1. Give the residue that is surrounded by the fewest Cβ atoms within 10 Å (Cβ to Cβ), with candidates limited to residues of region 82-118 that are within 14 Å of ligand 2 (Cβ to nearest atom) and under 18 Å from PRO185 (Cα atoms).
2. Which of the following residues is within 12 Å of ligand 1 (Cβ to nearest atom) and without any contact (Cβ under 8 Å) to a residue 60 or more places away in the chain: ARG219, ARG190, ARG211, ARG140?
3. Yes or no: ARG206 surrounded by fewer than 22 Cβ atoms within 10 Å (Cβ to Cβ), more than 11 Å from the chain's Cα centre (by Cα), within 15 Å of ligand 2 (Cβ to nearest atom) and at negative phi?
4. For ALA163, indicate whether it is within 11 Å of the chain's Cα centre (by Cα), under 22 Å from ARG74 (Cα atoms) and either at pLDDT below 95 or surrounded by 22 or more Cβ atoms within 10 Å (Cβ to Cβ) (or both).
5. Identify the single condition in (1) away from ligand 1 (no atom under 16 Å from the Cβ); (2) of a type in the set (Ser, Thr, Tyr); (3) closer than 30 Å to GLN128 by Cα that SER178 does not satisfy, given that it satisfies every other one.
Amino acid sequence: MSVPHVSVIVPMYNEEANLPELHARLTKVLTGMDVASEIVYVDDGSTDGTPEQLETLLQQPQPVCVRAVRLPRRRGKTAALSAGFAIARGNILVTTDADLQEPPEVLPMLVSRVQSGEAHLVVAWRQQRQDTLFRVLASRLFNATLRWLSGLSLHDVNCGTKAMKREVAENLEGWMVSDMHRYLPILAARMGYRVTESPVPHVVRRRGRSRFGAGRYLRAMVDLFPVSLMWWRGWQVWLTLVAVSAWLTAMHRPLGWLGLAMAMAWAGGALALWWHGRGFSRRYQAR
Ligand code: UDP
Ligand code: MG
């Protein structure tokens, strides 16, 4: 089989109920594209029937190349995507969730926008989002904050469905810790890649349940601290915190010390991530 041009990476935690339909639809979509492709399923330490189903898929003859990797225990979506990036062979890497909330039929359109050179990364935009009101509002607030911080006009940074040039994924590798999958489009933009969005339909999760609990909001906030320091706006907020905390400390208010400790943790997190990402960010293709 020829080297695939497009790799579709699907992180999965306990998605046995979705895998049959997902696989059937992905196969149909990919065989309809006139380029060689592969599907890379990443089993994030599932405890249901997902590993057995994947084993069966791998043993059956398939019209598209199917590969799978299993993490020995659940390590989260970011680690699962990172494992997928590591084994994917395509020039264009596509990520999508297993729950079929964004129809796989949109993937060729995202790929074509990367293929044409219009963008290095295209993220799907769930314009008519079919989730609870609370989640929709939280997402609106999150995206508005990111727009304010970064100056980028993206509406749905955390949509799981994206297509990107291989080089972008390689340079994001150093950032694939914690729950950083939420920030990939803005990190890529900060690295200088052209990032754009495409509206896609969105449907309710029909099977299985969301794999993230309320802890997602805390993780998103903690991860946002270091990410924010990639922009001048983030530094402005940080400097304000330092100035206010220093003033409170001078006024003998204990709150000042708390603020200063927070500012140090914030800067320390950014430094640690910058250091982690540094060694990886030297992969460029001649074009
Ligand atoms: N996922 C994963 N590991 C996790 C949590 C989620 O691999 O620890 C996968 C999950 O199986 C799905 C995708 O990441 O394919 C998005 O998860 P989910 O649909 O639960 O997230 P939501 O849409 O609620 O943000
Ligand atoms: Mg989902």
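The values are calculated or read from the model by the stated rules, or taken from the named source; none is laboratory data. None of the values given here were measured: they were computed from a predicted structure. Counting neighbours? That spans all protein chains shown, and the Cβs are built from the backbone with ideal geometry, glycine included.
1. ASP97
2. ARG219 is the lone residue from the list that is within 12 Å of ligand 1 (Cβ to nearest atom) and without any contact (Cβ under 8 Å) to a residue 60 or more places away in the chain.
3. Numbers: surrounded by fewer than 22 Cβ atoms within 10 Å (Cβ to Cβ): yes; more than 11 Å from the chain's Cα centre (by Cα): yes; within 15 Å of ligand 2 (Cβ to nearest atom): yes; at negative phi: yes.
Here the answer is yes, as ARG206 does meet what is asked.
4. Working: within 11 Å of the chain's Cα centre (by Cα): yes; under 22 Å from ARG74 (Cα atoms): no; either at pLDDT below 95 or surrounded by 22 or more Cβ atoms within 10 Å (Cβ to Cβ) (or both): yes.
So ALA163 fails the test.
5. Failed condition: (1).
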